[in-house]
1. Among the numbered criteria (1) more than 16 Å from the ligand (Cβ to nearest atom); (2) of a type in the set (S, T, N, Q); (3) surrounded by 14 or more Cβ atoms within 10 Å (Cβ to Cβ), which single criterion is violated by Asn70?
2. For Ala114, work out the one condition from (1) in a strand (DSSP E or B); (2) in contact (Cβ under 8 Å) with a residue 60 or more places away in the chain; (3) crowded, with 16+ Cβ neighbours inside 10 Å it doesn't fulfil.
3. So Gly160 ticks every box in (1) in contact (Cβ under 8 Å) with a residue 24 or more places away in the chain; (2) within 24 Å of the chain's Cα centre (by Cα) but one. Which box is left unticked?
4. Which of the numbered conditions does Gly148 fail, given that it passes all the others? Conditions: (1) touching a helix residue (DSSP H, G or I) at 6+ places or on another chain (Cβ under 7 Å); (2) within 20 Å of Glu109 (Cβ to Cβ); (3) not in a strand (DSSP E or B).
5. Name the residues in the stretch 101-124 that are within 16 Å of the ligand (Cβ to nearest atom) and farther than 19 Å from Ile143 by Cα, would you?
6. Listed residues Glu133, Glu142; which is within 15 Å of the ligand (Cβ to nearest atom), among the acidic types (Asp, Glu) and either within 30 Å of Gly86 (Cβ to Cβ) or touching a residue at least 12 places away in the same chain (Cβ under 8 Å) (or both)?
7. Pick from the stretch 151-172 the residues that are more than 10 Å from the ligand (Cβ to nearest atom) and either assigned to a loop (DSSP other than H, G, I, E, B) or in contact with a His (Cβ under 7 Å, 6 or more places away or on another chain) (or both): which of them is most open to solvent (accessible area, probe 1.4 Å)?
8. Restricting attention to the stretch 225-260, which residues are assigned to a loop (DSSP other than H, G, I, E, B) and either closer than 16 Å to Val275 by Cα or among the small types (Gly, Ala, Ser) (or both)?
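The values are calculated or read from the model by the stated rules, or taken from the named source; none is laboratory data. Quick caveat, the model's predicted, so the values are computed rather than measured. In this analysis, Cβ positions are derived from the backbone assuming ideal geometry, glycine residues included, and neighbour counts consider all displayed protein chains. Calculation scope for accessible area: heavy atoms of the full protein, side chains included, ligands and nucleic acids excluded. Shrake-Rupley method; radii C 1.70, N 1.55, O 1.52, S 1.80 Å.
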Amino acid sequence: MLKIAVQKSGRLYDESLKLLKECGLYVDNGMDQLKAEVRNFPAEVYFLRNSDIPQYLEDGVVDIAIIGENVLSEKNANVYVLEKLGFSKCRLSIALPKTEEYTGITSLEGKKIATSYPNTLQKYLDEKHVTAEIHLISGSVEIAPNIGLADAICDLVSSGSTLFKNGLEEKDILFRSEACIAANPTSLEDKKEIIDEILFRVQSVLKARDHRYILFNIPNPQIKTVGKMLPVLKSPTVLPLLDEGWSSMHSVIHIDDFWKVIRGLKEHGAQGILVIPVENMVI
Ligand code: PRT
């Protein structure tokens, strides 16, 4: 049995369960359940508090976890990050009231900084040879400067709207984070086969999310030119249409190339362009 930890509730919960589902793991979870079996895979899912997961992972209570890199870094957890997952992206930043001058982290020498990330902040200050007073706060860090508790804050930022609402400005980024899959080092050896299987599925799902399947009709004289425009995995599929002189071309493209490719196809006479999401991609 592979033991997988996910956040019990909060920002990581929905995406974590969605990913497991896309990987073909169907979790029978009811409300407020702490543990749930996976119906069709030898695994159990543990629903835990985000902040507790690094310890459970390090102690081997769970084998792998879906967790923010920021938490692993703060807890200095002895675990391996196997794959970044591309969601819950945020940055751990220094922010100050808008009116305060900031010319770099040395501006905070001798100042008070409120944070829920004392270890990451202290490490950063040490690297920069800055001495500052760290005030540990577990929530609503953003209000600290307004109530005179601190001169600056060090907190997670994603959209920046919380900082804005509190009259603060992001000045420095200490750390960029996103959700990842992390593993206990011993489990990586003892349960290598099943962890490899999960990782293989996750990588296929992530790859598929970045790609689209396209198919279109094209006049035969344009096939070669259009073929060169498609950054395909191997070579595009070309099938004859009933209408003489026309073919149907199929390919898979990366979303970053999407609009450029579509425009080029139209310019070369492509018609009936269909774009389809890819569920899984094994290459
Ligand atoms: O209670 P538990 O221990 O389970 O969880 P938690 O309170 O740590 O969890 P939660 O759900 O708040 O966050 C889980 C994870 O989501 C974090 O550890 C990060 O990896 C990730 N994440 C991504 C964020 C944010 N973005 C984020 N913006 N976590 C918190 N925030 C907060 C931030 O602290 C600030 O208060 O959102 C506010 C700022 O957001 P913006 O959009 O206004 O900039």
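1. Against the list (1) more than 16 Å from the ligand (Cβ to nearest atom); (2) of a type in the set (S, T, N, Q); (3) surrounded by 14 or more Cβ atoms within 10 Å (Cβ to Cβ), Asn70 comes up short only on (1).
2. (2)
3. (1)
4. With respect to (1) touching a helix residue (DSSP H, G or I) at 6+ places or on another chain (Cβ under 7 Å); (2) within 20 Å of Glu109 (Cβ to Cβ); (3) not in a strand (DSSP E or B), Gly148 is out only on (1).
5. Going through the stretch 101-124, the residues within 16 Å of the ligand (Cβ to nearest atom) turn out to be 113-121.
Matches in the stretch 101-124: Asn119, Thr120.
6. Selected residue: Glu142, the only one of Glu133, Glu142 that is within 15 Å of the ligand (Cβ to nearest atom), among the acidic types (Asp, Glu) and either within 30 Å of Gly86 (Cβ to Cβ) or touching a residue at least 12 places away in the same chain (Cβ under 8 Å) (or both).
7. Restricting to residues being more than 10 Å from the ligand (Cβ to nearest atom) and either assigned to a loop (DSSP other than H, G, I, E, B) or in contact with a His (Cβ under 7 Å, 6 or more places away or on another chain) (or both), the top hit is Asp151.
8. Correct list: Leu230, Pro231, Val232, Ser235, Pro236, Gly245.
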